[in-house]
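The values are calculated or read from the model by the stated rules, or taken from the named source; none is laboratory data. Predicted, not measured: the structure shown is a model, and the values here were computed from it. Note that we place each Cβ from the backbone using ideal geometry, even for glycine, and neighbour counts take in every protein chain shown.
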Amino acid sequence: MNKIKILVCTLLLSGFLASCKEGLDVKNPNQPSSPALKTESGLVSFGQGFYITGFKDVKYYDGVPGYFWSGAIGNHELMGDVIGTDIANVFINQVGCPDKVTLDDGTVLNNPNSPSKQYDFLRITANVNSTGYQNSTYYEWAYMYNLNNAANTLLANIDATTFTGDAAAKKGVLQAWAYWWKGYAYSRIGSMYYAGVINNKANGEFLNGTSNQYVSKEDIIKEANRNFDEAAKVLGTLTANADYIATFQGLVPAFNRVGKGGVLTPIMWIHSINTMKARNILVNTKVEAMTAAQWNEILTLTQNGVAASDFVFTGRTNTTGDFLAPTTGTVSAKTAGTSTYKITERLIQDFKTGDLRFTNNFKRRASTYIGEVARGNSFFTRWELVNRGAAGSEGSASVISYANQNAGGYELFMASTYEENQLMRAEALIYTGKIEDGLALIDEVRKAQGAGLTAVAGTGLTLAQAKEELRRERRIGLLFRALSFYDARRWGVIENGRTGAVALSRTGVVSTNATITYNFLDYWDVPDNELVYNPPASGSAPVKNPKK
């Protein structure tokens, strides 16, 4: 069967089912015709299983980078230069290794691997089917198409199922759930890969009858937004009555329904959709190419985007690690202390003096970390992320914490948030001449996170200064939310490099005016693991980024 062969895999592992009776109570249907998908409870349990099919269970796995939220998302944060690593598993050290770092004294630290360019390395060494699980580019693709296929399966079975109580409310929640996650999956595919496939039938049965018609990343984003619109259309007919709430609670495990992760009302859910659609515009357009119409569309969407009081889609750890393991399940967890990832000097330098988010979350290492110098040129650091779950390290409860390795301690934001919504709106305002209005929103986000910084609105900042406030705040206020690479790409940092950077030599000497030349691939080629089994049909869009 020629149907995205690397992706249509067993949806849920039977061993997993036995371990999480009190958390994710999911079924194990592998076919759209499974009897488990013909009952109301079976559909709800299957929908809850999206947390596994979309973020934990794919064909390959490497225990060092980990699953989706620590491994695939780790790639984003590595290329966004908020974390670094010299760990070679799945070539993650090469994913985030710049071409060169030029220090203050003129010394050049070249990428120690050959070929030196990240994208050459990925194409020649990593993104090759024979590397199997070592292909860094495989993971996000596989997870998101797994998620999309699960959503297709759910949609294919809703109308054939008899519901008790308010059947329209229950069916509507399930439909919105499927369309939301399809929009989410296509958003991630279109924002990371040069091309993709639109698959809207269960188990790889494609809408157009083929499995190998690749379309451009732009068309994938259009499909993402179409699914978001379908979800919003359904939600517009619903109210948060008892059956709506019960169905939503059945889809979201209890340990994810705490903090900001409560039951989303239909309007809250629509707010999240609007913020995601605004993100799809922003992160996939170079800032210099943004049009007035695009800025205005972002303003319209964020006007009705995630509000400060809204619940959003979050994830939490639990002791058995059903969805996320406390010490390894997220980029945050694998960065805290002396873990797999290391906080970069470039992130630390972006904090303004007096920012309580810095003092609440970071400390000087006992000794400078240099590590395996043959594995990179930019991960050397003097800093570490504090695990605020450790006894005696709780920090201030009034300031955001970036890491907590206790079960349930860290709140992972899976999709759109209030802070992201406000900062997108701030950026649109700044770029359309309303600098003070934009700065006021930056102040708002800083206040919400307990930064303790003096307001910048009303201080007469220039356009350039306002843009710098925004740049810093997106890196700090949205840390570990999988947006740092998108920003580096759209701001031209991965192409043009960063000047005035703090960087360390291989003996720990500090440069404060270094230049980093990243030269990363802006959109990844379609994984070779896919292309070997699913070669593009005639008329397909290019599956390889033309950048050389």
Which listed residue is part of a helix (DSSP H, G or I), touching a residue at least 40 places away in the same chain (Cβ under 8 Å) and over 30 Å from residue 364 (Cβ atoms), from 248, 311, 323: 248
Members of the range 520-537 found to be at pLDDT 95 or above and hydroxyl-bearing (Ser, Thr, Tyr), listed by number: 523
The range 457-490 - residue that is aliphatic (A, V, I, L, M) and outside any helix (DSSP H, G or I) and, of those, farthest from residue 276 (Cα to Cα): 461
Candidate set from the range 421-440 (those that are among the polar types (S, T, N, Q) and assigned to a helix (DSSP H, G or I)); member that is nearest to the chain's Cα centre (by Cα): 421
Qualifying position, being farther than 20 Å from residue 275 by Cβ, modelled with pLDDT under 95 and crowded, with 20+ Cβ neighbours inside 10 Å, among 212, 199, 208, 203: 199
Breaking point among (1) within 12 Å of the chain's Cα centre (by Cα); (2) crowded, with 24+ Cβ neighbours inside 10 Å; (3) not in a helix (DSSP H, G or I), for residue 65: (1)
Residues (more than 24 Å from residue 242 (Cβ to Cβ) and either assigned to a strand (DSSP E or B) or charged (D, E, K, R) (or both)) located in the range 152-206: 182, 188, 193, 195, 196, 197, 201, 205
Residue in the range 251-286 that is surrounded by the fewest Cβ atoms within 10 Å (Cβ to Cβ), counting only those that are assigned to a loop (DSSP other than H, G, I, E, B) and polar (S, T, N, Q): 285
Residue pairs meeting the criteria (Cβ under 8 Å; at least 6 apart or on separate chains; first under 20 Å from residue 480 (Cβ atoms) and β-branched (Val, Ile, Thr), in the range 417-428; second in a loop (DSSP other than H, G, I, E, B) and at pLDDT 95 or above): 417/260; 417/306; 417/312; 417/478; 417/481
Selected residue [surrounded by fewer than 22 Cβ atoms within 10 Å (Cβ to Cβ) and at pLDDT below 95] from 409, 354, 395, 433: 395
Scan of the range 80-107 for residues that are out of contact with any Asp or Glu (no Cβ under 7 Å at 6 or more places or on another chain), closer than 13 Å to residue 126 by Cβ and either free of Cβ contacts under 8 Å to residues at least 60 places away in the same chain or assigned to a helix (DSSP H, G or I) (or both), ordered by number: 91, 92, 94, 95
Residue in the range 501-519 that is within 27 Å of the chain's Cα centre (by Cα), in a loop (DSSP other than H, G, I, E, B) and of a type in the set (Val, Ile, Thr) present: no
Residue in the range 321-345 that is surrounded by the fewest Cβ atoms within 10 Å (Cβ to Cβ), counting only those that are in contact with a strand residue (DSSP E or B) (Cβ under 7 Å, 6 or more places away or on another chain) and closer than 25 Å to residue 114 by Cβ: 342
Evaluation of residue 471 against (1) crowded, with 19+ Cβ neighbours inside 10 Å; (2) under 23 Å from residue 76 (Cα atoms) (one fails), failing number: (1)
Verdict on residue 150 being farther than 30 Å from residue 230 by Cα, crowded, with 17+ Cβ neighbours inside 10 Å and in contact with a Ser or Thr (Cβ under 6 Å, 6 or more places away or on another chain): no
